[in-house]
Amino acid sequence: MDINDMTRKQFKELKQLDWDEKIKVDSIVLLPTKFHDSSGYNLFNIVACHHNKPLGKIGLYDTHSIIMESNWNRVGIDCLRGSSLMRIFLPDEYKIIPYLHQTIIDKGE
């Protein structure tokens, strides 16, 4: 399934990924919830994606960092057609480390 054609409902129904695995991604989709964090902000899930395919979701997060270590030092953002969710696409292959609340460059380690 292509993430650009998915509905919000399909994103919400994705399997939950384990917090202790490292997931290779080339983009992530932010999936907001109505659950409130003690900070006053809403919690969200992250959908891990590779080649426009969803791998599953991770969450719930109150914050998540993208650590840039590439020649580009930037990310791109677009809005998916089917769901209107925001996708963040990365300049290189990255990996999500769920328990650290981080997305970092994949150095093949």
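The values are calculated or read from the model by the stated rules, or taken from the named source; none is laboratory data. Note that this is a predicted model, so its numbers are computed, not measured. So basically every Cβ, Gly included, is an ideal-geometry build from the backbone, and we count neighbours across all protein chains shown. Accessible surface is based on the protein model in full, side chains and every heavy atom, while ligands, DNA and RNA are left aside. Shrake-Rupley method; radii C 1.70, N 1.55, O 1.52, S 1.80 Å.
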- prompt: Taking interchain pairs and intrachain pairs at least six residues apart, which have beta carbon atoms under 6 angstrom, with the first residue in the stretch 40-59 and in contact (Cβ under 8 Å) with a residue 12 or more places away in the chain and under 13 Å from residue 89 (Cα atoms) and the second in a strand (DSSP E or B) and of a type in the set (Asp, Glu)?
  reply: 50/26
field: Residue satisfying condition, being in contact (Cβ under 8 Å) with a residue 24 or more places away in the chain and in contact with a Ser or Thr (Cβ under 7 Å, 6 or more places away or on another chain), within set 18, 26, 62, 37
entry: 62
- prompt: Mind checking which residues of the stretch 62-92 are in contact with a strand residue (DSSP E or B) (Cβ under 8 Å, 6 or more places away or on another chain), of a type in the set (D, E, K, R) and at pLDDT 85 or above?
  reply: 62, 78, 87
query: From the set of residues in the stretch 60-74 that are surrounded by 13 or more Cβ atoms within 10 Å (Cβ to Cβ) and touching a His at 6+ places or on another chain (Cβ under 7 Å), which is nearest to residue 26 (Cα to Cα)?
result: 64
task: Taking the residues in the stretch 20-30 that are out of contact with any Leu (no Cβ under 7 Å at 6 or more places or on another chain) and of a type in the set (Asp, Glu) as candidates, determine which candidate is least open to solvent (accessible area, probe 1.4 Å).
output: 21
- request: Select from the stretch 31-51 the residues that are surrounded by fewer than 16 Cβ atoms within 10 Å (Cβ to Cβ) and either within 15 Å of residue 8 (Cα to Cα) or touching a Cys at 6+ places or on another chain (Cβ under 7 Å) (or both) and list them in ascending order.
  value: 32, 33, 34
- line: Only one of 57, 95 is among the basic types (Lys, Arg), at pLDDT 95 or above and either crowded, with 16+ Cβ neighbours inside 10 Å or not in a strand (DSSP E or B) (or both), namely 57
message: Against the condition loosely packed, with under 13 Cβ neighbours inside 10 Å and either within 11 Å of the chain's Cα centre (by Cα) or part of a strand (DSSP E or B) (or both), how does residue 77 come out, does it pass?
response: yes
task: Mind counting the residues in the stretch 1-29 that are assigned to a loop (DSSP other than H, G, I, E, B) and of a type in the set (A, V, I, L, M)?
output: 4
- request: Could you pull out the residue among 78, 62, 5, 18 that is under 22 Å from residue 106 (Cα atoms) and among the acidic types (Asp, Glu)?
  value: 18
